[in-house]
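This report refers to the structure that appears directly beneath it.
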Amino acid sequence: MPTRESRRHLLCAVCWVLVVIVVLLAVIIYLATKEPDCKDDSSSVTIETTKYGSIDGKQVYRYTFKNKNKIEVSIISYGGIVTNILVPDKNGKVEDIVLGYDSIEGFKSNGPYFGAIIGRYANRIAKGRFSIDGVNYTLAINNPPNSLHGGVKGFDKRVWKSSLKDDKLILKYTSSDKEEGFPGEVITMVTYQLTDNNELIIEYSATTSKKTVINLTNHAYFNLAGQGSGNIFEHKAIIKAEHYTPVDSTSIPTGQLASVSGTMFDLRTAVSLGDRIPKVPGNIGFDINYSFGKTGWMKYGARLLFQQRFWRQQKHTCRPPSINLVFYLEQK
């Protein structure tokens with residue numbers, strides 16, 4: 001017959017077994033419900049740092065990422081500009097697939113905003129005016145009659161503080177209260193990462209000292225045939241959005257949300273840009289905001305294709321997906 005001591009040891013053993021089972025169940029539930037982890041601990045990506053001239057007495061640095069697939073991405077600390085994306089085609093020929101300049105001198109003016117961070121506010125603010133809590137704010141009219149891309153000297157024309165952490169480049173800029181007319185001190189961080197899966201991941205975050213408006217993006221122009229190779233009429237585009245936002249004559253949204261069905265803006269299946277561009281209303285190309293109207297995970301939201309290469313813009317990485325995409329393609 002078991003003694004009191006042996007029963008006590010047996011009870012303790014049972015308790016420990018129950019604890020182990022509970023812990024294992026907790027781990028299983030966590031692993032089953034956690035979001036995918038995008039970090040690749042076996043990444044072979046390298047980052048080279050070089051000086052890239054100076055602006056207003058401030059040193060500008062260039063950071064060049066290289067992955068195992070011979071893809072190279074270069075970013076400078078002036079405007080966070082993506083200056084180059086070198087990609088081999090299926091035959092191994094390497095081309096630079098983003099538009100830009102060969103030196104810092106060209107990027108100083110950069111009227112087209114090639115490859116730059118846009119802020120504080122990407123796109124247009126009608127008549128350069130907005131109000132928050134009854135307070136009116138007035139901005140520079142640099143795209144009459146509206147304010148465009150953060151004003152006269154937006155984030156694209158600032159030298160950002162830069163640092164490297166593991167396989168990421170981190171840019172930081174502090175925008176003072178009332179800079180370009182916007183309220184609040186805003187501290188913005190933009191992180192760049194090239195993966196061995198050929199993904200260029202750009203993440204944005206910002207904090208503010210008071211209520212304000214902010215809308216951040218990157219303004220890279222792509223030509224998958226390589227810059228300097230002519231137009232992109234041989235490219236095909238897919239944008240899996242069911243709606244778009246109509247605009248007025250000054251490119252300000254009307255407030256409506258329209259279906260792409262039956263319009264020249266319907267790109268839900270692959271469309272030749274050479275065929276579609278001449279048919280877009282206004283004869284200026286595409287400058288339109290698409291609304292996906294969905295949350296959750298998507299395989300991809302938009303894709304640009306060329307016979308030798310393809311470049312796709314993912315609508316998610318490891319974060320909740322954004323639901324809007326601006327497609328800009330100017331006809332010259």
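The values are calculated or read from the model by the stated rules, or taken from the named source; none is laboratory data. No experiment lies behind these values; they were computed from the predicted model shown. Glycine gets a Cβ as well: all are built from the backbone with ideal geometry, and neighbour counts include every protein chain shown.
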Residue set Val271, Val260; condition under 24 Å from the mean Cα position of the chain (by Cα), modelled with pLDDT of 90 or more and closer than 28 Å to Pro88 by Cα; output residue Val271
Would you please list the contacts, defined by Cβ atoms under 9 Å and residues six or more apart or on different chains, that run from a residue in region 212-226 that is under 13 Å from Asp156 (Cβ atoms) and in contact (Cβ under 8 Å) with a residue 12 or more places away in the chain to a residue that is charged (D, E, K, R) and not in a loop (DSSP other than H, G, I, E, B)?
His219/Asp156
Test for Lys279: is it of a type in the set (Lys, Arg), under 26 Å from His149 (Cα atoms) and either at pLDDT below 90 or surrounded by fewer than 16 Cβ atoms within 10 Å (Cβ to Cβ) (or both)
no
Note on region 135-166: residues surrounded by fewer than 19 Cβ atoms within 10 Å (Cβ to Cβ) and in a loop (DSSP other than H, G, I, E, B) are Ala140, Ile141, Asn142, Pro144, Pro145, Val152, Lys153, Asp166
Number of positions in region 221-261 that are farther than 26 Å from Lys127 by Cα, part of a strand (DSSP E or B) and polar (S, T, N, Q)
1
Consider region 240-250. How many of its residues are buried (at least 16 other Cβ atoms within 10 Å of the Cβ) and of a type in the set (S, T, N, Q)?
1
Which one is surrounded by the most Cβ atoms within 10 Å (Cβ to Cβ) among residues in region 284-317 that are at pLDDT below 65 and touching a Ser or Thr at 6+ places or on another chain (Cβ under 9 Å)?
Lys315
Looking at region 120-150 only, could you name the residues that are in contact with an Asp or Glu (Cβ under 8 Å, 6 or more places away or on another chain) and within 12 Å of Val213 (Cβ to Cβ)?
Arg120, Leu139, Gly150
Qualifying residues in region 179-197 (those that are part of a loop (DSSP other than H, G, I, E, B) and more than 11 Å from Lys210 (Cα to Cα)) - the one modelled with the lowest pLDDT:
Asn197
Those residues of region 188-244 which are among the charged types (D, E, K, R) and farther than 30 Å from Thr263 by Cα amount to Asp196, Glu199, Glu203, Lys210, Lys211
